[in-house]
Amino acid sequence: MTDLGKQDPLPKNKKPIASWAKPEEGWNDVVLGIQAWISMGGSESHVQSPSESDSVSDEDGPIRPFEPNSGSNVTSSTADNEKAANRKNKYNVAGSDGDFPAHVQAEDHAICTQLTKLEKATFTLAKHLNLSGQADAPARDLAPLVTAQLVHKLSGKDVVRLLNQVDEDLKDDARFADERRALRHLLHRILPIASDWRPLVEQGRAHLTKRGYVDLPLGTLTLAETIVAGIDRRRCCFVSNASKTPLGQALVRVPAAADFYFDGSGQRAAELTTGNLAIQLLNLSPDDPSLRNKERTRRRVEETLQYYAETVGDNYLPRWLVLDDHLFQTAPSESSTSEVDSNEVRLMATVRALRSYLPSLRIVRLAPEEAPGEFNYALHINDYLRKPM
């Protein structure tokens, strides 16, 4: 085991916390750095703080930022643009997605390993999957067969329905409460690599590099979370949403005050989004005086977003701003060709402004309507995740 005492000192720049203008920021940097070291298994010789996350392994593929329009009036320093252009992402968001099969294979192995420990659940899954001749087989023999069905054969919707059925079979026996919880966690791992959604994940990773945003033919935030989780190479992280379908913890909505019709440059949307993220990520109140310093707020938000993107975990998720097509429509019905073109121009201006303001903020564009069966799929996920344990 690596001794933490051998690691480079924190906080950033090795400056004593007593010399910081705001000591709480120094302590926050120490905490984030230690958590990053722990998340890497304590195996790195250097602990990165948010400010140091520009330099990571040369083996990692670059995120190429969306090039801002030269005519944009959004303020962005040359240093920030250079940092964004040179920054490496350890999760390989690159135009070529040849690593995705390897990622699926790794998840396949992890899921299979977990199923070998869930004897009753694995046996029940095999029964529902009609794996003939396997009735008396132990979990270690059933697990590879069940995993192959869950990961490579069934659609995501069928996986949800199957796990829901198995949960019904086990719910009345308190002895299997832990196995029920484990199955729920497995669902979070399976959905981002579900066989029917893999093409969207692969296309999305390529689009993120080439366009600066991901364009999904989906309309629900539940399904959007499964795709962006696949792009991020992580499990789904859903948040309950009252009576509605679950939301993705990494998804951020456009501020209500943003008016895209009159915000032709996208600058106001970028500023309002930065303010909202500062409140969420930096734990600031809406009336915090520090928000008045827009450039300093922007830098702090960008550093935090960059750190989250490179430390991916349940508490550190790359943030995705959701852009709905209807936000850019001047006329909801029977829009003329010129109006449609104008909507697209406003969309692209907003994307450029956001990428210039916050290069580490990922952007996902959703369709105005759900795909066929999409809402039903989201309801199945909602039904399963809300069942009492």
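When the charge dipole of region 100-193 is built from unit charges on Cβ atoms (+1 for Lys and Arg, -1 for Asp and Glu) and taken about the Cα centre, the candidate among 164, 116, 192 whose Cα reaches farthest toward its positive end is 192. Remark: region 114-129, residue by residue, has Karplus-estimated 3J(HN,Hα) of 5, 5, 5, 8, 10, 4, 5, 5, 5, 4, 5, 4, 4, 5, 5, 8 Hz, where x stands for each Gly or Pro and the curve is 6.51 cos²θ - 1.76 cosθ + 1.60 at θ = phi - 60°.
Computed about its Cα centre, the charge dipole of region 100-193 is approximately 200 debye, with only Lys, Arg, Asp and Glu carrying charge at their Cβ. Residues in region 380-389 carry Karplus couplings, in order, of 4, 4, 4, 4, 5, 5, 8, 5, x, 8 Hz; the curve used is 6.51 cos²θ - 1.76 cosθ + 1.60 with θ = phi - 60°, and Gly or Pro positions show x. Taking every C-alpha pair closer than 8 Å and separated by at least 6 residues, the mean separation divided by the residue count of region 100-193 gives a relative contact order of 32 percent. Annotation: amide H of residue 324 within the under-5 Å range of 366, sequence separation 5 or more or interchain, hydrogens built in the peptide plane.
The phi torsions of region 208-219, fed into the Karplus equation with coefficients 6.51, -1.76 and 1.60 and a -60° offset, translate into couplings of 4, 7, 7, 9, x, 7, 10, 9, 10, x, 10, x Hz, rounded to whole numbers, with Gly and Pro shown as x. Taking amide H as placed 1.01 Å from N in the peptide plane, residue 196 has its amide H under 5 Å from the amide H of 156, each at least 5 places away in sequence or on another chain. For each pair in 15/210; 157/210; 210/387, compute the distance between the two Cα atoms and list the pairs where it is over 32 Å. Table pairs above 32 Å Cα-Cα are 15/210; 210/387. For region 164-315, the spread of Cα coordinates along the three principal axes comes to 57, 35, 31 Å, biggest extent given first. Using a cutoff of 8 angstrom between alpha carbon atoms and counting only pairs six or more residues apart, the relative contact order for region 124-259 works out to 18 percent. FRET efficiency for the residue 173 to residue 371 pair, using the beta carbon distance and R₀ = 30 Å, is estimated at 0.20. For residue 363, list long-range residues whose amide hydrogen, built 1.01 Å from N in the peptide plane, is under 5 Å from its own amide hydrogen. Distant-sequence amide H within range of residue 363: 214, 321. Give, as a single signed number, the net charge of other residues whose beta carbon lies under 9 Å from the beta carbon of residue 282, with Lys and Arg counted +1 and Asp and Glu -1. The answer is 0.
Only the coordinates and a few stated rules stand behind these numbers; no lab work does. Remember, predicted model here, so these are calculated numbers, not experimental data. So basically every Cβ, Gly included, is an ideal-geometry build from the backbone, and we count neighbours across all protein chains shown.
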